[in-house]
1. Filtering the stretch 46-91 down to residues that are outside any strand (DSSP E or B) and of a type in the set (A, V, I, L, M), which residue is least open to solvent (accessible area, probe 1.4 Å)?
2. Collect the residues in the stretch 124-135 that are in a strand (DSSP E or B) and either more than 19 Å from residue 175 (Cβ to Cβ) or out of contact with any Asp or Glu (no Cβ under 9 Å at 6 or more places or on another chain) (or both), keeping them in residue-number order.
3. Cβ-Cβ under 6 Å, sequence separation 6+ or interchain: first residue in the stretch 186-204 and touching a residue at least 40 places away in the same chain (Cβ under 8 Å), partner among the basic types (Lys, Arg) and in a strand (DSSP E or B). Which pairs?
4. Being hydroxyl-bearing (Ser, Thr, Tyr) and under 30 Å from residue 28 (Cβ atoms) is the filter here, so list the residues in the stretch 152-205 that pass it.
5. If residue 121 meets every condition in (1) surrounded by 14 or more Cβ atoms within 10 Å (Cβ to Cβ); (2) of a type in the set (A, V, I, L, M, F, W, C); (3) assigned to a strand (DSSP E or B) apart from one, which number is that one?
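The values are calculated or read from the model by the stated rules, or taken from the named source; none is laboratory data. Every value quoted in this text rests on a predicted model; they were computed, and no experiment measured them. All Cβ positions, glycine included, derive from the backbone under ideal geometry; neighbour counts span all protein chains shown. The accessibility values were calculated without ligands, DNA or RNA, using every heavy atom of the protein model including side chains. Shrake-Rupley method; radii C 1.70, N 1.55, O 1.52, S 1.80 Å.
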Amino acid sequence: MESRKRFPRMLAAAVLAGVLGAAPAWAEPRSYTIDPEHFAIGFQVEHLGYADIIGLFLKASGRFEYDEAARTLKSGRVVVAADSVFSNHEARDRHVRDSDFLDARKHPEIVFEASGFEAGAERDGRLHGKLAGRLTLLGQTHPVVLDVTLNKAATYPFGHRKHTLGISARTTIERSRWGMDYGVSRGMVGDAVALRFELEAMRDD
């Protein structure tokens, strides 16, 4: 009689062990390196109310750990060279690099540390979500949230031929929150800065 009672418990344990043992090996965070040749960082800010200035940061690098199966982010870090700012106007770019704005000599790096990804809806084969993290600018660190779209994950068709994840992201920050308030009170330069990121990241197999 006792053996009959033990049988269901043994069967349940065996099934559980089989399920755990059958978990796919790829269901774990994998490391990705952002391809510097396919990494664009753009910004847009109002100028005197006439038109917006659109520019780029030309030098940046980054890595992250992401589980494609579980859609979870373990960690991520992007470093942008402050002195690589480019707006197609040499005098303006020198001004943006100085202490009125980026103070690139004293703070050469702008750093974003990702803390978590919240997956949202999937539309047209693309996953949308929110990426939370902390942005360090001018020596100050504050939380930010980016709207993210995971565009495509597949083996690259040529070149390195690695598994590659394509990502688009955007957010808007108020630069005065980081102490960059030049021109804000006089309406010369807008406080709100729209940021946009387009990148391809290669899985480190």
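1. We begin by selecting, within the stretch 46-91, every residue outside any strand (DSSP E or B); these are 48-50, 58-59, 68-71, 82-84, 87-91.
With of a type in the set (A, V, I, L, M) added as a condition, the list becomes 48, 58, 69-70, 82, 91.
Working: 48: 85, 58: 114, 69: 53, 70: 59, 82: 0, 91: 50 Å².
So the residue we want is 82.
2. Narrowing the stretch 124-135 to residues in a strand (DSSP E or B): 126-135.
Of everything in the stretch 124-135, those that are in a strand (DSSP E or B) and either more than 19 Å from residue 175 (Cβ to Cβ) or out of contact with any Asp or Glu (no Cβ under 9 Å at 6 or more places or on another chain) (or both) turn out to be 126, 127, 128, 129, 130, 131, 132.
3. 196/170; 203/30
4. In the first step, residues of the stretch 152-205 are kept if they are hydroxyl-bearing (Ser, Thr, Tyr); the result is 155-156, 164, 168, 171-172, 176, 182, 185.
Across the stretch 152-205, the qualifying residues are 155, 156, 164, 168, 171.
5. Single failed check for residue 121: (1).
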